[in-house]
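The values are calculated or read from the model by the stated rules, or taken from the named source; none is laboratory data. In this text the structure is predicted, and so the values were computed from the model without any measurement. Methodologically, a virtual Cβ is constructed for each residue, glycine included, from the backbone with ideal geometry; neighbour enumeration extends over all protein chains shown.
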Amino acid sequence: MNSVKRVAIIGAGPSGMAALRAFKSAEKSGSEIPEVVCYEKQDDWGGQWNFTWRTGTDGYGEPVHSSMYRNLWSNGPKEALEFAEYTFDEHFNRPISSYPPREVLWDYINGRAVQSGVKELVRFAHVVRRVEFDDETEQFTVTVDDLREHVTSTEVFDEVIVSTGHFSFPNVPDIAGIETFPGEVIHAHEFRGAERFAGQRLLLVGGSYSAEDIGIQSHKMGARHVTMSYRSRPQGFAWPDGVDERPQIDRIDGGVATFIDGSSGEFDAIILCTGYLHHYPFLPEHLHLRSPNNLYPGGLYRGVTWQANPHLHYLGAQDQWFTFNMFDAQAWYVRDLILGRAQLPSADERAAHMRQWADRYRGVEDDAAAVRFQADYIRDLIEQTDYPMFDLDEVVRIFLEWKADKKRNILTYRDQVYPSVMTGTMAAVHHTRWIDELDDSRERYLESQPTADRVTS
Ligand code: FAD
Ligand code: NA7
């Protein structure tokens, strides 16, 4: 019998890549590491950042994973997501702006993973179909389809890390009368670019990041009018002319939507920006996380380890203020549990720890408290491992400045710059304002960028 522990990582997006890097870094520092296999259903890594023009199904007939669109620029400052042990300075060798476009962030994630030499651990175009746990052997059987060779195989693992993300399976509510709408109805998951909505009256359903960003992207690309319909509370930004917010839709009759305040409007297209489902079709119900999109999903000790079966771990399952460096903090901790460097407390102790954090989360009342909650959560993780601690309070400060910049002007916040928490380097002011830039490519972005003082809105 094979005595080396085997670990399966499912998904090679930023979270899975963080797990790969975590194991490599332990190996580099002289630790013996388990046999690690990462299954990725796409041909390349990067998860959401691996852009595809496709919608619906991919070239293998699998559900398209990424919800990103061509013109996406980071929606938060890069200084808040920077890896503590692979900085933007190290990757780009010069200051870049605070809100890079998608391709540039992919380049950064890819750069670190390539530097770690972990590509050979990933089986690309391999989709995980089923994960089962045997209570007697305390091992998982993982069933995988090789999408290129059309071969199904099963392998046995001691630990499974689920890093398949939770912004891929659309939450699609029914809306009274929507079947009578003559125009196009899509979910944000299928939105790839706003050019085709130029001249149109758009109705976006939802009041969070997707509605906000698809709304202003569409405005930038010449939509005639954008209305966003919120369920709980308006986003409350100072929207430019041609963009407004209304409460929830009461009903739709043909091209006309009526809102619950009695107002109505005529629209050409509807985009449902109504969020995503935690959906893990390869997991049986007893291992399957079910949660709304929030900062402390139930059932996960320290936000990562499945309480009912601590050989199963989830990375990146939270709603995300922090992203890449939070995935690192989680990955380093899970790695240390698996290596035995960190001790897993008893089930009762874990439950008490989860209760304490869940109670605290219930007390979170506004965005500032939410950011602090996630910062403290990350601090708690990093304190358990050798991941470099960084100034989380400074990241919180940057997040709050970002929020204030957005309030001041939703169209110029991406022109602002912040200092790196890791290196102190001040970001460069981008050569072109976000609202004027129509070429989002890496090449265009990296054209010479003068460093200048902070842009004022
Ligand atoms: P994902 O990136 O979703 O990666 C999961 C991986 O798992 C994918 O590669 C997928 O192919 C693979 N996979 C799924 N199922 C299987 C299976 N059964 N078998 C094998 N492989 C599988 N974050 C930011 O920091 N800044 C932003 O500006 C930002 N913008 C965003 C915009 C959109 C539209 C969305 C949806 C998200 C955005 N995010 C942003 C958050 C984003 O979720 C994270 O940055 C990050 O991509 C999450 O990484 P992940 O690895 O957890 O999941
Ligand atoms: P979010 O942040 O989960 O938000 C989903 C939004 O959809 C939120 O405003 C919800 O309203 C709204 N929603 C959900 N169901 C309905 C129904 N039935 N009717 C009306 N509105 C509804 O998802 P996003 O896509 O915006 O963002 C996800 C990630 O993608 C994020 O991390 C970004 O980085 C990009 P609520 O406020 O709950 O009342």
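Brief remarks on what is shown
- The set of residues in the stretch 200-252 being of a type in the set (Lys, Arg) and either in a strand (DSSP E or B) or free of Cβ contacts under 8 Å to residues at least 12 places away in the same chain (or both) consists of 201, 246, 251.
- Selection from the stretch 253-278 of residues that are of a type in the set (Val, Ile, Thr), over 30 Å from residue 297 (Cα atoms) and not in a strand (DSSP E or B): 260
A quick yes/no check of all residues on (1) under 18 Å from residue 409 (Cα atoms); (2) surrounded by fewer than 19 Cβ atoms within 10 Å (Cβ to Cβ); (3) modelled with pLDDT of 95 or more; (4) of a type outside the set (Phe, Trp, Tyr):
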| residue | (1), (2), (3), (4) |
| --- | --- |
| 215 | yes, no, yes, yes |
| 226 | yes, no, yes, yes |
| 233 | no, yes, yes, yes |
| 237 | yes, no, yes, no |
| 242 | yes, yes, yes, yes |
| 247 | no, yes, yes, yes |
| 252 | no, no, yes, yes |
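- Residue in the stretch 3-23 that is assigned to a loop (DSSP other than H, G, I, E, B) and at pLDDT below 95 present: yes
- Selection of the stretch 168-199 for residues being buried (at least 19 other Cβ atoms within 10 Å of the Cβ), assigned to a helix (DSSP H, G or I) and either within 12 Å of ligand 2 (Cβ to nearest atom) or outside the structural domain of residue 216 (by TED's automatic domain parsing) (or both) yields 188, 189.
- Residue 156 vs. criteria at pLDDT 95 or above, surrounded by fewer than 17 Cβ atoms within 10 Å (Cβ to Cβ) and either among the charged types (D, E, K, R) or touching a strand residue (DSSP E or B) at 6+ places or on another chain (Cβ under 8 Å) (or both): yes
- Selection count where residues are more than 7 Å from ligand 1 (Cβ to nearest atom) and either under 28 Å from residue 222 (Cα atoms) or not assigned by TED's automatic domain parsing to the domain that holds residue 322 (or both), scope the stretch 35-65: 7
- Subset of the stretch 92-144 [buried (at least 22 other Cβ atoms within 10 Å of the Cβ), without any contact (Cβ under 8 Å) to a residue 60 or more places away in the chain and either in contact with a Leu (Cβ under 8 Å, 6 or more places away or on another chain) or among the aliphatic types (A, V, I, L, M) (or both)]: 105
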